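S.K.: Mind having a look at this structure? Questions to follow.
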Amino acid sequence: MKTVPRLLASSAALFLSGCASGFDECNLLPPPGGSGQNAPAVVLGNIAEFVVHPSLRASCEGPSLSQAPDSVSAEVFDPNNHFVASEASLADGGQSATVRFIPKTTGRHHVRVAFAPVGSVQQFGTYVAAEWRGGDATLFDLPRCTQLDRTTHGTWVCDGVALHAKDGNETRLVGPSGPPDVAIVGNVVWSVGENRVRRFIDTGAELVLTGTLLLSQRDTVTLVQSRLATEDELWVLDMEHLHRFTFTPEGVVTGATPTPWGHPRRVPFGVDLVQGVLVRTGPTEVQVIQMAPGPDSLACAFQVGPAGGFVASETPCQALPGVPAGTEDSALWTRVDNDAPPQPGRTLYRWAAENGALVERGTLMVDAPIELVSAPLRPGAALPILQWRQSQVGFIVPVVPATPGPLGLELLPANVDLPYGVRTATPRFYWEAGTGRSTRVYERNESSLK
């Protein structure tokens, strides 16, 4: 197995395909130079070294090659548009140039390389990622988990199977119809399945049932699309209704009247064709994220009403550019795709809950050939992942900055030989398929979350 704790060499020669800027001496838009064979990515603090080719075409009068450039200059800007010192030098008789700089921060850096008197200007992004700062792997003798989380006492719950930290014993919540939908908060485990809502407390050695609710026909939960939980409340979004279940001081699980939520023309989205996802915007407020025909996501507000169920807000749904690409408890990720030449790519946005609405709190441009892999949304919180398919150097996850601004990047301790569909990153964990029927889990460092 090829595991990559240090995914990128400290000084990699990266042959880049830049975006040519401006018209050449023939009054034509030059094609981009470079062969585009390797990924434009480096590790924070190491030397970034790039080989860039000028845009050279046959002369305007005939098939002979035009003259080569005799000078080159470079400018590098970090994600906050601060100038980064760099140096550039010609090689191979002007057929290429080498650019070097030492990045001081993570994220996308913009590089501009100018050749003269011919060769045009090449512009492209390079991606700087911090080393993996999380823990070592934990291996579970279970197939790769779709839903995975851990209680405060250390009990892992993987697709309805609880693995207790104290003695290694298992508690299976799986019923005849398959794994339940699970949400964990602290040592509280909520389970929805077999037409019941159950609440457990983890003692470290076992899950103790503290309450259960047999769902009536009114309260029946169809296919779960999304869920949010606290120790005393569980909010569930199914295909048609938004449900609110509570654990009362008397130790009883109750359910309020479900609330219809769907846009009349909503369409499924994401890799798992989810109908909607939930984002918490307050103690009693939630946004239902959905899509209607069009390029934007719709964030529609609901709040707990006097009868205990959710009530739709009279405020119009908030339009957010792009398609949902990841979720957190109180944040949403969207992606805007641009497939048009000469520079196709993606823009990733993070929207955080503030004052009852979703506010942009981080962006990242993702240039081809880097692939932005959207996460399956139905299992729960998940982050989009950046993949370098052409060179297989690894996988990187966006990191939320401590202050509003461009997104940072962190390497994942990934097995690059696995298909990207068998890996998941959340704000707390990263996991992927292990050897045979197993799951390999890594805990992310708290500093990776900001």
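S.K.: Test residue 320 against the stated conditions and say whether it is within 21 Å of the chain's Cα centre (by Cα), in contact (Cβ under 8 Å) with a residue 12 or more places away in the chain and buried (at least 16 other Cβ atoms within 10 Å of the Cβ).
M.R.: So residue 320 fits the description; yes.
S.K.: For residue 387, work out the one condition from (1) within 27 Å of residue 293 (Cα to Cα); (2) surrounded by 20 or more Cβ atoms within 10 Å (Cβ to Cβ); (3) out of contact with any Pro (no Cβ under 8 Å at 6 or more places or on another chain); (4) polar (S, T, N, Q) it doesn't fulfil.
M.R.: Failed condition: (1).
S.K.: With the checklist (1) more than 25 Å from the chain's Cα centre (by Cα); (2) of a type in the set (A, V, I, L, M); (3) closer than 30 Å to residue 45 by Cα in hand, flag the one item residue 118 doesn't pass.
M.R.: (3) is the only condition that residue 118 fails.
Residue-by-condition table, conditions (1) surrounded by 20 or more Cβ atoms within 10 Å (Cβ to Cβ); (2) of a type in the set (Val, Ile, Thr); (3) not in a strand (DSSP E or B):
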residue: 262; (1), (2), (3): no, no, yes
residue: 266; (1), (2), (3): no, no, yes
residue: 278; (1), (2), (3): yes, no, no
residue: 281; (1), (2), (3): yes, yes, no
residue: 286; (1), (2), (3): yes, yes, no
residue: 293; (1), (2), (3): no, no, yes
residue: 297; (1), (2), (3): yes, no, no
residue: 302; (1), (2), (3): yes, no, no
residue: 308; (1), (2), (3): no, no, yes
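S.K.: Hey, any hits in region 292-302 for a residue that's in contact with a Lys or Arg (Cβ under 7 Å, 6 or more places away or on another chain) and at pLDDT below 95?
M.R.: Scanning region 292-302 turns up at least one residue that is in contact with a Lys or Arg (Cβ under 7 Å, 6 or more places away or on another chain) and at pLDDT below 95.
S.K.: Among the residues in region 197-210, are any touching a strand residue (DSSP E or B) at 6+ places or on another chain (Cβ under 8 Å), closer than 30 Å to residue 310 by Cα and assigned to a loop (DSSP other than H, G, I, E, B)?
M.R.: no
S.K.: Look at residue 256 and say whether it is more than 30 Å from the chain's Cα centre (by Cα), surrounded by fewer than 20 Cβ atoms within 10 Å (Cβ to Cβ) and within 30 Å of residue 358 (Cα to Cα).
M.R.: Yes, satisfied.
S.K.: Right, something else. Restricting to region 210-228, name every residue that is more than 20 Å from residue 302 (Cβ to Cβ) and among the small types (Gly, Ala, Ser).
M.R.: 211, 216
S.K.: Here's another thing I want to ask about it. Quick one: would you say residue 346 is free of Cβ contacts under 8 Å to residues at least 40 places away in the same chain and over 28 Å from residue 181 (Cβ atoms)?
M.R.: For residue 346, the condition - free of Cβ contacts under 8 Å to residues at least 40 places away in the same chain and over 28 Å from residue 181 (Cβ atoms) - is met.
S.K.: A follow-up question, please. Tell me yes or no: at least one residue of region 240-252 is among the β-branched types (Val, Ile, Thr), surrounded by 14 or more Cβ atoms within 10 Å (Cβ to Cβ), at pLDDT 95 or above and more than 31 Å from the chain's Cα centre (by Cα).
M.R.: No, that holds for no residue.
S.K.: Another question about this same structure. Name, by its number, the condition in (1) farther than 16 Å from residue 426 by Cβ; (2) among the aliphatic types (A, V, I, L, M); (3) not in a loop (DSSP other than H, G, I, E, B) that does not hold for residue 165.
M.R.: So residue 165 meets the others, but not (3).
S.K.: Follow-up. Anything in region 64-114 that is closer than 19 Å to residue 400 by Cα and crowded, with 20+ Cβ neighbours inside 10 Å? List them, or say none.
M.R.: 79, 103, 106, 107, 108, 109
S.K.: Return the residues of region 120-147 that are touching an Asp or Glu at 6+ places or on another chain (Cβ under 7 Å) and not in a loop (DSSP other than H, G, I, E, B); say none if nothing qualifies.
M.R.: Passing the criteria: 124, 125, 129, 130.
S.K.: Quick one: would you say residue 254 is under 15 Å from residue 298 (Cα atoms) and polar (S, T, N, Q)?
M.R.: no
S.K.: With the condition being closer than 20 Å to residue 298 by Cα, I'd like the strands (runs of 3 or more DSSP E) fully within region 311-388 carrying at least 2 qualifying residues.
M.R.: Hits in region 311-388: 318-321, 323-328, 331-338, 345-354, 357-367.
The values are calculated or read from the model by the stated rules, or taken from the named source; none is laboratory data. Just so you know, these numbers come straight off a predicted model, no measurement behind them. Neighbour counts run over all protein chains shown; Cβ positions are idealised from the backbone, glycine included.
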